[in-house]
Amino acid sequence: QVHLVESGGGLVQPGGSLTLSCTGSGFTFITSTMSWYRQAPGKERELVASITSPGFNIYYSDSAKGRFTISRDNAKNTVYLQMNSLKPEDTAVYYCKAVLKGESGYEDYWGQGTQVTVSS
């Protein structure tokens, strides 16, 4: 069974840093595209960053570009999101998503989310 578990969320001050982790199991991690999404109350869930494998092609949203870094360690089945220069508008639940090839095509799987709060 596919499982994604996020960790690393918490409360940080504006300008601070935080690193999120997402560890997957139950699927072939090295061939799956991993992404970070976030959703604030009353807002649509939005893509923050994604990373492919094995090519490690990377995408960032405009808001993440220059501040966030996505990376992955396939030996640990883990994807990371390093967040620097955090702003109050970064406050959201951050979700990890895996896209993998299933029997009937590509399938999306989501973690449970981890809360990031940026506030003074």
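Taken over region 95-118, the residue count meeting the criterion of being in contact with a helix residue (DSSP H, G or I) (Cβ under 8 Å, 6 or more places away or on another chain) and more than 17 Å from ILE70 (Cβ to Cβ) is 3. The set of residues in region 23-58 that are within 16 Å of VAL116 (Cα to Cα) and in a strand (DSSP E or B) comprises TRP36, TYR37, ARG38, GLN39, GLU46, LEU47, VAL48, ALA49. Remark: ASN57 falls outside the filter, which requires a residue to be at pLDDT 95 or above, under 20 Å from SER7 (Cα atoms) and not aliphatic (A, V, I, L, M). Does VAL2 qualify as being over 26 Å from ASP62 (Cα atoms), among the β-branched types (Val, Ile, Thr) and touching a strand residue (DSSP E or B) at 6+ places or on another chain (Cβ under 7 Å)? In short, yes. Selection of region 68-105 for residues being modelled with pLDDT under 95 and either among the basic types (Lys, Arg) or in a strand (DSSP E or B) (or both) yields LEU100, LYS101, GLY102, GLY105.
So is ALA75 open to solvent by less than 30 Å² (accessible area, probe 1.4 Å), without any contact (Cβ under 8 Å) to a residue 40 or more places away in the chain and closer than 22 Å to TYR109 by Cβ or not?
Considered against the rule, which asks whether it is open to solvent by less than 30 Å² (accessible area, probe 1.4 Å), without any contact (Cβ under 8 Å) to a residue 40 or more places away in the chain and closer than 22 Å to TYR109 by Cβ, ALA75 comes out as no.
The values are calculated or read from the model by the stated rules, or taken from the named source; none is laboratory data. Remember, it's a predicted structure, so these values are computed and weren't measured experimentally. With ideal geometry, Cβ positions are generated from the backbone for all residues, glycine too; neighbour counts draw on all protein chains shown. Each accessible area value is taken on the protein alone, full model and side chains, heavy atoms only, with ligands, DNA and RNA left out. Shrake-Rupley method; radii C 1.70, N 1.55, O 1.52, S 1.80 Å.
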